[in-house]
Amino acid sequence: MSAENLKKEAAEAALDYVKSGMKLGLGTGSTANYFIKALGKKVANGFDILCVPTSIASQELAKSLNIPLTTLDATSKLDLVVDGADELDEALNLIKGGGGALLREKIVAAASSQMIVIADDSKLVNHLGAFPLPVEVVPFGAGATIEMMKQAIKNAASSGAIRLRNNVDGTPFVTDGGHYIYDCALGQILNPKQLAQNLNLIPGVVEHGLFIGLSKVAILATATGIKKIEIL
């Protein structure tokens, strides 16, 4: 089974957790897109749902499928968010932000009573860090922020190159919030909670891609079927 088919399978399995009348967060990325499309089919058949998208891209896809949308200003508490992950471990610590929407994704996840991660099983790892950790940074004073990030990473017993994310034309990638993303190639993050805390203390860091303690359920599609990880 192809990676795309596995993503689609995981996304559709998450529909079992969605009930009529829920207020739902819509994730961002290729796996989340499969979920949004599957949800759109239910809405077309009269399913009652109200959704907050985590990016402009997800918003446009949901609009095209006539999925009813709201904002966290109008609806400050959500029942559920369904989103993908770039990496996850057995404790459901996540790395997110490969698509550049980590700030809005984390805001929506924190406003949700439950977060369900959908992915293919290649995203499950023993230790986070093979996927470069995205850190969203204010452009002003970015050089000083990067030096503080290096120290924060060192203090969490990790190390690795920090690179500005660029578009294909070489210009800096800019998030929906107007910030830069620096990708930290750490190889292995032995203490994700400590690293998250260290990065949170840096003024120029808007947010980072470590999602710690936000998800209690992961739905992973494998070649032999669906695998679920649930944290009680």
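No lab work stands behind these numbers, since they all come straight from the coordinates. Quick caveat: nothing in here was measured; it's all calculated off a predicted structure. Cβ coordinates were reconstructed from backbone atoms using ideal geometry, including for glycine residues, and neighbour counts include every protein chain displayed.
At-a-glance table
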| item | result |
| --- | --- |
| Residue ID - nearest to V138 (Cα to Cα), chosen from residues in region 94-106 that are among the aliphatic types (A, V, I, L, M) and out of contact with any Gly (no Cβ under 7 Å at 6 or more places or on another chain) | A101 |
| Only listed residue being in contact with a His (Cβ under 6 Å, 6 or more places away or on another chain), buried (at least 20 other Cβ atoms within 10 Å of the Cβ) and not in a helix (DSSP H, G or I), chosen from V117, V135 | V135 |
| Residue list for region 138-159, restricted to those being surrounded by 15 or more Cβ atoms within 10 Å (Cβ to Cβ), among the aliphatic types (A, V, I, L, M) and touching a residue at least 40 places away in the same chain (Cβ under 8 Å) | V138, A142, M148, M149, A152, I153, A156 |
| Spans of strands (runs of 3 or more DSSP E) in region 23-93 with at least 1 residues crowded, with 24+ Cβ neighbours inside 10 Å, touching a Gly at 6+ places or on another chain (Cβ under 6 Å) and hydrophobic (A, V, I, L, M, F, W, C) | 50-53, 80-83 |
| Residue selected from region 160-207 under the condition small (G, A, S) and surrounded by 13 or more Cβ atoms within 10 Å (Cβ to Cβ), by the criterion nearest to G29 (Cα to Cα) | G177 |
| Residues of region 177-188 classified as assigned to a loop (DSSP other than H, G, I, E, B) and under 14 Å from V135 (Cα atoms), total | 4 |
| Given (1) more than 23 Å from A109 (Cα to Cα); (2) in contact (Cβ under 8 Å) with a residue 60 or more places away in the chain; (3) in contact with a strand residue (DSSP E or B) (Cβ under 8 Å, 6 or more places away or on another chain), number of the condition L190 does not satisfy | (3) |
